[in-house]
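> Got a structure for you, questions after.
The values are calculated or read from the model by the stated rules, or taken from the named source; none is laboratory data. Only a predicted model underlies this, so the values are computations on that prediction, with no experimental measurement involved. Note that each Cβ is placed from the backbone with ideal geometry, even for glycine, and that neighbours are counted across all protein chains shown. Areas reflect the complete protein model, heavy atoms only, side chains present, ligands, DNA and RNA absent. Shrake-Rupley method; radii C 1.70, N 1.55, O 1.52, S 1.80 Å.
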Amino acid sequence: MKFFIDTANLDQIKEAQALGVLDGVTTNPSLMAKEGVNGKENILNHYCNICEVVEGDVSAEVIGTTFDEMIKEGEELAALHSQIVVKIPMIKNGIKAIKYFTDKGIKTNCTLVFSCGQALLAAKAGASYVSPFIGRLDDVSTDGLLLINEIRSVYDNYGFQTQILAASVRHTMHVVNCAKIGADVMTGPLSAIEGLLKHPLTDSGLKKFLEDAQLMQV
Ligand code: G3P
């Protein structure tokens, strides 16, 4: 399973990259705004800066909702850097735009996916990635992981090449369970990745090994 980090914060992206396990980055308008990135030039520069830090795919989201707006913005984003994936919302014009970009060989990430039917449509349009938001489903008493399971079955039934990018991952158990189900990618905060490191038996075991090492003659 690929690990993407879901942030526009360059320091966190650098930290995840330094760990050596980062495969890409996802952003969205809320994450960009959180970093105080304002104005078209700064926004485009920020995406380029992210691409310089990581080696993998970097999702950059369109803001327009008409077909023409999405095409114009998406083409501009895709031209920025070879790692850019155009992130497009799961709406009717979005599906048309995904098909347009697929036909042009431009990678897309279909975002704001909350049902298996939406994921099927995204795959039919040829999306490179589909982003089911599992944390936001959990927030409304709906099993986000069950959706990942359903999409996995449907995609496997027909051999769809669209990668399941489990998004809105909030914690380490989301990561582990997505891996068990067979999500292709997960995107989450740095804390969800670093949480995988933690076990009290590792800490106490290491403490004892270091104490005993003092007894050895080296
Ligand atoms: O990037 C989209 C998604 O991961 C958002 O996550 O935590 O805002 O629900 P969250």
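> Please work out the average accessible area per residue across the chain, using the 1.4 Å probe convention, and give it in Å². Could the numbers behind the result be given before it?
On the way: 11240 Å² over 218 residues.
Accessible area per residue, the chain: 52 Å².
> Once you've got the Cα coordinates, tell me which of Lys96/Lys180; Lys2/Lys124; Lys2/Lys34; Lys34/Lys107; Lys14/Lys208; Lys34/Lys87 are over 29 Å apart.
Values: Lys96/Lys180 33 Å; Lys2/Lys124 23 Å; Lys2/Lys34 25 Å; Lys34/Lys107 25 Å; Lys14/Lys208 32 Å; Lys34/Lys87 18 Å.
In this structure, Lys96/Lys180; Lys14/Lys208 lie more than 29 Å apart at Cα.
> Hey, if you put +1 on the Cβ of every Lys and Arg and -1 on every Asp and Glu Cβ in the chain, which of Val130, Ala179, Cys116 ends up farthest toward the positive end of that dipole?
Positive-end residue among those listed: Cys116.
> Ignoring ligands, DNA and RNA, please state the percent of accessible area on segment 1-75 from carbon and sulfur, probe 1.4 Å. Show your work: numbers first, answer last.
On the way: 1770 of 3750 Å².
Within segment 1-75, the accessible surface is 47 percent carbon and sulfur.
> Work out the length of the dipole vector of the chain about its Cα centre, built from +1 on the beta-carbon of each Lys and Arg and -1 on the beta-carbon of each Asp and Glu, and round it to the nearest 20 debye. List each step's numbers first, then the result.
Values: 19 positive and 26 negative charges, 97 e Å.
Its charge dipole is roughly 460 debye.
> Answer rounded, prolate or oblate for segment 3-108, using the Cα gyration tensor with square roots of eigenvalues a ≥ b ≥ c: rounded when a/c is under 1.5, else prolate when a/b is larger than b/c, else oblate.
Numbers: a/c = 2.05, a/b = 1.58, b/c = 1.30.
Note, shape of segment 3-108 comes out prolate.
> Scaled to the compact-protein estimate 2.2 N^0.38 Å, what is the alpha-carbon radius of gyration of segment 113-170, rounded to two decimal places? Please list the in-between numbers first.
Details: Rg = 10.6 Å, N = 58, 2.2 N^0.38 = 10.3 Å.
This ratio for segment 113-170 stands at 1.03.
> So what's the net charge close to Leu146: Lys and Arg +1, Asp and Glu -1, counting the other residues with Cβ under 11 Å from its Cβ? Present the calculation step by step, with values, prior to reporting the outcome.
Numbers: positive: Arg152; negative: Asp138, Asp143, Glu150.
The answer is -2.
> For segment 97-205, which whole percent of the accessible surface, found with a 1.4 angstrom probe, sits on carbon and sulfur atoms? Don't skip to the end; give the middle numbers.
Values: 2860 of 5070 Å².
Reported share for carbon and sulfur atoms: 56 percent.
> Highest mean first, how do 138-146, 42-50 rank when packing is the count of other Cβ atoms within 10 Å averaged over residues? Let's see the in-between values first.
Working: 138-146: 13.7, 42-50: 17.1.
In descending order of packing, they fall as 42-50, 138-146.
> Quick check: from the Cα gyration tensor, does segment 78-218 come out rounded (a/c under 1.5), prolate or oblate? Don't skip to the answer; put the middle values down first.
Details: a/c = 3.05, a/b = 2.17, b/c = 1.40.
It is prolate, given that a/c is not under 1.5 and a/b is the larger ratio.
> Which whole-number value in Å³ per residue fits the convex hull of the alpha carbons of segment 42-81? All intermediate terms of the calculation are to be shown ahead of the outcome.
Details: hull volume 2.4 nm³, N = 40.
Convex hull volume per residue, Cα atoms: 59 Å³.
> Helix-only estimate, please: 222 nm mean residue ellipticity of the chain, summing -39500 (n - 2.57) across DSSP H runs of length 4 or more and dividing by its residues, to the nearest 500. Don't skip to the answer; put the middle values down first.
On the way: 11 runs with 115 residues, N = 218.
So the helix-based figure for the chain works out to -15500 deg cm²/dmol.
> Under unit Cβ charges (Lys, Arg +1; Asp, Glu -1), what dipole magnitude, rounded to 20 debye, does segment 140-218 have relative to its Cα centre? Each step should come with its number before you reach the end.
Values: 6 positive and 8 negative charges, 18 e Å.
For this selection, approximately 80 debye.
> Which order do the peptides 207-215, 86-94 come out in when sorted by mean C-beta neighbours inside 10 angstrom, highest first? List each step's numbers first, then the result.
Details: 207-215: 8.7, 86-94: 20.8.
Listed from highest to lowest mean packing, they are 86-94, 207-215.
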